Amino acid sequence: MTRIKDVKIYKATSQISRAIADATHNISEISFYIVELITNKDIKGQGYLLSFHYSPKAIEGALKDLKAFMLERQYHIYETVKMKQNYEIETEYFGNIGLQRWAAATFNVAMWDAWGHELNQPIWKIIGGSNTKIPVYGSGGWLSYTDEELLNEVLDYKQRGFKAVKIKVGSKDIERDIQRISKVREAVGTNVKIMMDANQGMDIPSAIKLSRWATDMGIHWFEEPIAHDDFAGYEIIRNKTSVALAMGEREYDCTALKELIRRNAIDLWQPDIIRIGGVEEWRNSAALAILNNIPVLPHYYKDYDVPLLATISNAYGAESFDWIDEIIDNRMIIENGYAYLRGGNGWGFKFKEEFLNEVK
């Protein structure tokens, strides 16, 4: 049987790391933690989480704690659910929601990668995927950008064949948001969809005002206009405006999705595979969305999300950043607004060794 015999933890920084900012965060670097599992058959599987510069000691501590737990029990690589259940019992005293779940999800993703290599199959085939390509949109448009930087980014996405772009809103002066969106619309034309993301940085009146204006600009959807747990606020915005609302990236379970469904206050569900707890929990949330006719549009992790979206019936699209492209060995192919599934085993890529700094 194939068991996990060793675990390595690494940190890596994007080749295009730079300081960026949205409505609620100033981000000084674009960094990641990578977990690499090694089995008794010398099969390797990797999973990673997006860390930016936040709480490195806490993240490393959570990953090291789970490493010790995994090595003590020597799980089979396919025991993804068993591992999660056991570890949630182990960590319940200090709480599972938060870094404990981030750590467990990163190991979960690595276990799936190792399992794919064991079976010599891509994960999307193991699960039963049928699509070969998934729509993607170019993400960015940070509030810290100058107008020139903003337009250069969206025009680059357009030149590369993207059919949709997302930019940040939630400026202290709403007129700045309006001006930035207007300039992007003028630059990309009417054949490229524009979405906007406030990262929870607005209040209800300003979100309603911007949403009503955005309707005339043909904005496709509005992500996280207000605090993610203000369910009544999402209900008010949706009842008073016509722009579709997207939410979900900050959720660690399906509680918010259930409440927003009850209130008829969500149009697009955006699970983050690491926050929500890994492959199984991502798919559980997608199943709930399917039952309620809500399309799934995951947050950030395109290299995991595109294969998983190929396995569900209500896949709306995936978010695309270029952040890991230069530090992995097999960049995902994106052409004419679609990401094409990799044919390699597991997730179909691994991080290049020269960018990995081991965490001791």
>> Taking a ≥ b ≥ c as the square roots of the Cα gyration tensor eigenvalues, with a/c under 1.5 meaning rounded and otherwise prolate when a/b beats b/c, else oblate, which class fits region 159-269?
In response: prolate
>> Taking a ≥ b ≥ c as the square roots of the Cα gyration tensor eigenvalues, with a/c under 1.5 meaning rounded and otherwise prolate when a/b beats b/c, else oblate, which class fits region 125-340?
In response: oblate
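Suppose every K and R has +1 on its Cβ and every D and E has -1 on its Cβ; what is the size of the dipole of region 125-340 about the Cα centre, in Debye to the nearest 20?
So the magnitude is around 720 debye.
When the accessible area of the chain is computed with all protein chains present and a 1.4 Å probe, what percentage of it is carbon and sulfur? Can you show the working numbers first?
Values: 7020 of 14960 Å².
Its accessible area is 47 percent carbon and sulfur atoms.
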> Lysine pairs, Cα distance under 13 Å, 8 or more residues apart or cross-chain: how many in region 125-340?
Replying inline: 6
> Expressed as a whole number of Å, what is the distance separating the alpha-carbon centroids of region 252-292 and region 134-179?
Replying inline: 26 Å
> Which distance in nm do the two modelled labels at Asp230 and Arg73 give, with both placed 7 Å along the Cα-to-Cβ direction?
Replying inline: 4.0 nm
> How much accessible area per residue does region 125-340 have, in Å², with a 1.4 Å probe?
Replying inline: 39 Å²
> With the chain treated as a Gaussian network of Cα nodes joined by springs under 10 Å, which of Tyr48, Tyr78, Tyr137 yields the largest mean-square fluctuation?
Replying inline: Tyr78
> Based on DSSP H assignment, which helices of the chain show an axial Cα extent of at least 24 Å together with a mean Kyte-Doolittle hydropathy greater than or equal to -1.0?
Replying inline: 56-73, 99-119
> Going toward the positive end of the dipole of region 26-112, with +1 on Lys and Arg Cβ and -1 on Asp and Glu Cβ, which of Thr80, Ser55, Ile30 do you reach last?
Replying inline: Thr80
> Which residue, Gln179, Gln121, Gln74, has the most motion in a Gaussian network model of the chain that connects Cα atoms within less than 10 Å?
Replying inline: Gln179
> Label point 7 Å out from Phe321 along Cα-to-Cβ: which residues of region 342-360 have amide N under 17 Å?
Replying inline: 351
>> Around Asn345, under 12 Å between beta carbons, what's the net of Lys plus Arg minus Asp minus Glu among the other residues?
In response: +2
> When the chain is fully extended, how far beyond the present Cα-Cα distance does Arg331 get from Asn284, taking 0.36 nm per residue of separation?
Replying inline: 14.2 nm
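Could you work out how much longer the chain between Ser182 and His53 gets when fully extended? Use 0.36 nm per residue separation minus the Cα distance between them, nm to one decimal.
43.2 nm
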>> Using a Cα-Cα cut-off of under 21 Å, which lysines could be cross-linked to Lys67, ignoring same-chain neighbours fewer than 8 residues away?
In response: Lys5, Lys8, Lys11, Lys41, Lys44, Lys57, Lys82, Lys84, Lys350, Lys360
> Once Lys and Arg get +1 and Asp and Glu get -1 on their Cβ, which of Gly248, Ile236, Ile226 lies farthest toward the positive end of the dipole of region 219-267?
Replying inline: Ile236
>> Give me the dipole magnitude in Debye, nearest 20, for the chain about the Cα centre, with unit charges on the beta carbon: positive for Lys and Arg, negative for Asp and Glu.
In response: 560 debye
> Tally Lys/Arg at +1 and Asp/Glu at -1 over every other residue whose Cβ is under 12 Å from the Cβ of Glu118; what's the total?
Replying inline: +1
> Taking every DSSP beta bridge that has both residues in the chain, what percent is antiparallel when rounded to the nearest 5?
Replying inline: 60 percent
> Just how many % of Cα pairs in the chain lie over 29 Å apart, if you round to the nearest whole percent?
Replying inline: 39 percent
>> Please report the antiparallel percentage of DSSP beta bridges with both residues in region 125-340, rounded to the nearest 5.
In response: 25 percent
> Under a point-charge model restricted to the Cβ atoms of Lys and Arg (+1) and Asp and Glu (-1), what is the dipole moment magnitude of region 1-159 relative to its Cα centre, in debye to the nearest 20?
Replying inline: 640 debye
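What do you get for Rg/Rh of region 101-172 when both radii come from the Cα atoms and Rh is the Kirkwood radius?
Working: Rg = 18.3 Å, Rh = 15.6 Å.
Rg divided by Rh gives 1.17.
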> Tally Lys/Arg at +1 and Asp/Glu at -1 over every other residue whose Cβ is under 13 Å from the Cβ of Glu280; what's the total?
Replying inline: 0
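The values are calculated or read from the model by the stated rules, or taken from the named source; none is laboratory data. These numbers were taken from a predicted model, which means no experiment stands behind them. Cβ sites come from the backbone with ideal geometry, for glycine too, and all protein chains shown count toward neighbours. Heavy atoms of the whole protein, side chains included, go into the accessibility calculation; ligands, DNA and RNA do not. Shrake-Rupley method; radii C 1.70, N 1.55, O 1.52, S 1.80 Å.
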